Amino acid sequence: MKHHPIADVWPMMDEGKLQELADDIRKNGQLVPVWVYQGKILDGRNRWAACKIAGVEPKTKEYTGDEPTAFAVALNDRRRHMNKGSLAAVAAELLPFFEADAKKRQIRKPKAESVVEKVPQQTPRKAREEAAASVGVNDRYVSDAKKVKQEAPEVFERLKAGRITLQD
């Protein structure tokens, strides 16, 4: 199954960890489903690959909400041990998705004279701030990581993988 672009912002497990997950799935079964959105894996690429290695048919569940970026972030970042540079790189790659989600929210303006319109609304955060907050880093780190991605893609991949930090 193809991966959703949102899922691709997180690095895959190395071969050893993937084999450990496959062994665990073979022994204990798949405990967490692979989440699918728009016919692609939104969350669970490693589980999908481990199931294939283990010879187990992957269990999937369809995501039907309207905030796939926030959903994927909530599932992924709570399970991973990543340094601030790696998290900033992930946030930089999530940025276009948060921007797209923000545009969708702008389109869904409340009708005039609705209850929502009469209640004071929170000032919406910039997509960069939302991406940064979603992974627990400062939005300046996201700007720095985005700049690295634009100017030195090979360095960005090392940053994302946690082999270097933003201070290196």
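Odds and ends about this structure:
- Just one of the listed residues (67, 15, 57, 20) is closer than 22 Å to residue 94 by Cβ, out of contact with any Cys (no Cβ under 6 Å at 6 or more places or on another chain), surrounded by fewer than 19 Cβ atoms within 10 Å (Cβ to Cβ) and not hydrophobic (A, V, I, L, M, F, W, C), namely 67.
- Of all the listed residues (24, 8), the sole one being of a type outside the set (Lys, Arg), closer than 21 Å to residue 72 by Cβ and not in a loop (DSSP other than H, G, I, E, B) is 8.
- Residue 93 fulfils the conditions (1) open to solvent by 60 Å² or more (accessible area, probe 1.4 Å); (2) of a type in the set (Asp, Glu); (3) in a helix (DSSP H, G or I) except for a single criterion, (1).
- Whichever residue in region 110-151 is polar (S, T, N, Q) and over 19 Å from the mean Cα position of the chain (by Cα) and, among such residues, is modelled with the lowest pLDDT: 123
- Here the condition is being at positive phi, under 13 Å from the mean Cα position of the chain (by Cα) and not acidic (Asp, Glu); of 55, 44, 29, it holds for 44 alone.
- Considering (1) at pLDDT 90 or above; (2) open to solvent by 10 Å² or more (accessible area, probe 1.4 Å), the lone condition that residue 74 does not fulfil carries the number (1).
The values are calculated or read from the model by the stated rules, or taken from the named source; none is laboratory data. A quick note: this is a predicted structure, and the numbers were derived from the prediction, not measured. Reconstructed Cβ throughout: ideal geometry from the backbone, glycine too, with neighbour counts over all protein chains shown. Heads up: the accessible areas ignore ligands, DNA and RNA and are worked out on the full protein's heavy atoms, side chains in. Shrake-Rupley method; radii C 1.70, N 1.55, O 1.52, S 1.80 Å.
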